[in-house]
1. If you go through the range 261-268 one residue at a time, do you hit one that is over 29 Å from Asp401 (Cβ atoms), open to solvent by 10 Å² or more (accessible area, probe 1.4 Å) and without any contact (Cβ under 8 Å) to a residue 12 or more places away in the chain?
2. Residue check: is Gly389 of a type outside the set (Val, Ile, Thr), touching a residue at least 24 places away in the same chain (Cβ under 8 Å) and open to solvent by less than 10 Å² (accessible area, probe 1.4 Å)?
3. For the range 6-17, does any single residue satisfy the condition of being open to solvent by 30 Å² or more (accessible area, probe 1.4 Å) and either of a type in the set (D, E, K, R) or within 19 Å of Arg105 (Cα to Cα) (or both)?
4. Consider Gly412 carefully, then state whether it is farther than 28 Å from Pro272 by Cα, open to solvent by less than 20 Å² (accessible area, probe 1.4 Å), touching a residue at least 60 places away in the same chain (Cβ under 8 Å) and not assigned by the TED database to the domain that holds Gly103.
5. May I ask you to say which residue of Leu277, Leu281 is closer than 25 Å to Ser174 by Cβ and within 16 Å of the ligand (Cβ to nearest atom)?
6. Across the range 83-95, what is the number of residues that are assigned to a strand (DSSP E or B) and either over 25 Å from the mean Cα position of the chain (by Cα) or of a type in the set (Phe, Trp, Tyr) (or both)?
7. Determine whether Val80 is away from the ligand (no atom under 16 Å from the Cβ), part of a loop (DSSP other than H, G, I, E, B) and of a type outside the set (Phe, Trp, Tyr).
8. Provide a single number: the residues in the range 334-355 that are within 16 Å of the ligand (Cβ to nearest atom) and either touching a strand residue (DSSP E or B) at 6+ places or on another chain (Cβ under 6 Å) or open to solvent by less than 10 Å² (accessible area, probe 1.4 Å) (or both).
Amino acid sequence: MSGHGTPIPMTSHPCGPLTGTAEVPGDKSISHRSLILGAMAVGETRISGLLEGEDVLDTAKAMRAFGAEVISHGNGEWTVHGVGVGGFAEPDQVIDCGNSGTGVRLIMGAMATSPISATFTGDASLNKRPMARVTDPLALFGAQAVGRSGGRLPMTIVGAADPVPVWYEVPVPSAQVKSAVLLAGLNAPGKTVVIEKEATRDHSERMLAGFGAEITVEDTDEGRVITLTGRPELKPQVIAVPRDPSSAAFPVCAALITPGSDVLVPGIGLNPTRAGLFTTLREMGADLTYENMREEGGEPVADLRARYSPDMKGIDVPPERAASMIDEYPVLSVVAANATGKTMMGGVKELRVKESDRIDAMARGLRANGVTVDEGDDWWSVDGLGIGGVPGGGTCESFLDHRIAMSFMVMGMGAQQAVSVDDGGPIATSFPIFEPLMNGLGAKVERT
Ligand code: S3P
């Protein structure tokens, strides 16, 4: 498994036009939630288009450990026979969530209001990440957590035998924290209320409603108020997972900076809580269009068409947009390096606690390839060199972070010289077909 195995150095060479259709994998956030909610429903949930990346496969394994029957039928088709809300069995092994913060935090929430214990661990990246943001609200339900110093994994959660519902205002903009509280609220009697000041991705709310939970969402002056009634019987669903906008970001951005490119990325979920990158790129002057807008499974979907865009300008990305593009700042910084003028990215403190400190990781790799970057605690800026102006020629550390590795591979496509990463292995966590897909469009990405 990546992060545990031998590093896979990779190099991306400057290339000719990227053309054709990029069928990116299923949405990671929706894939995790499909498995977890499927495991908490009564009966058989059928899923198509599931992302079969390492992160999601680890969640599938975890759901089996809690007693659900989770079966792969090949080609993204899965079935989950759920055990019902409150029906989880106690796992007899440590739950290894690999690289996945979403997996571990959502599963902790889902089991925290059942009278069982479970011990969680992950890879070197996940075991550095803060878990108190989830275990603090879970304690309000009556669950206990014992982990390493700084609230880090490995960690045991002792679920509440007699949970109480909670009222919780999420202190950081985090869909994982919000979702952990909602999933815990499922097995607490009465109403659990979660308030978020800034709207984060709302897949949990949409899917809980789809599974038949009683859930309301109100926009108020204090923020979004989400109220969930506990102890529903969740009804199994048929779920078609849309393709992941966070994965689409890579072929889209690659096409914008690679001369002559014209790439279609079909069937991309454009939930407004996820689509901030595309709005930003268009503001920068990218030739990016939405075709065939439609709705699938309660989520807005479109085909994206990205063409080479030699005249992009640096902009100030509005801080209030950060939550809707939080995973896309690394690849945005690569586009920013190919625009004219400075791109300023503020309100992004959360980037420092992702799979890596993403501001630090990108700043180091951009500088190693001739790009000027400034940074503060919660902001960073990139001085654009204009299209094709990135010298390249450097090797970047990926810090066990898939999105850092893929961003630098994209950078190499439009740079003057090749760009390398020390370890592309983590790409398999979210986008296992990245290399063949990009090379199929005309990229020159190779293992070195
Ligand atoms: C996710 C939420 C975000 C995001 C992550 C997926 C989710 O994390 O970065 O890749 O599926 O809920 P935070 O909740 O830490 O912002």
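1. For the range 261-268, residues over 29 Å from Asp401 (Cβ atoms), open to solvent by 10 Å² or more (accessible area, probe 1.4 Å) and without any contact (Cβ under 8 Å) to a residue 12 or more places away in the chain: absent.
2. no
3. Scanning the range 6-17 turns up no residue that is open to solvent by 30 Å² or more (accessible area, probe 1.4 Å) and either of a type in the set (D, E, K, R) or within 19 Å of Arg105 (Cα to Cα) (or both).
4. Judged against the criteria, Gly412 is a match.
5. Values: Leu281 fails: within 16 Å of the ligand (Cβ to nearest atom).
Exactly one of Leu277, Leu281 is closer than 25 Å to Ser174 by Cβ and within 16 Å of the ligand (Cβ to nearest atom), namely Leu277.
6. Matching residues across the range 83-95 total 1.
7. No: the conditions fail for Val80.
8. Of the residues in the range 334-355, 3 are within 16 Å of the ligand (Cβ to nearest atom) and either touching a strand residue (DSSP E or B) at 6+ places or on another chain (Cβ under 6 Å) or open to solvent by less than 10 Å² (accessible area, probe 1.4 Å) (or both).
The values are calculated or read from the model by the stated rules, or taken from the named source; none is laboratory data. Being a predicted model, the structure only gives us computed values, none of them experimental. As a convention, Cβ positions derive from the backbone with ideal geometry for all residues, glycine included, and neighbour counts pool all protein chains shown. Accessible surface areas use protein heavy atoms only, side chains included; no ligands, DNA or RNA. Shrake-Rupley method; radii C 1.70, N 1.55, O 1.52, S 1.80 Å.
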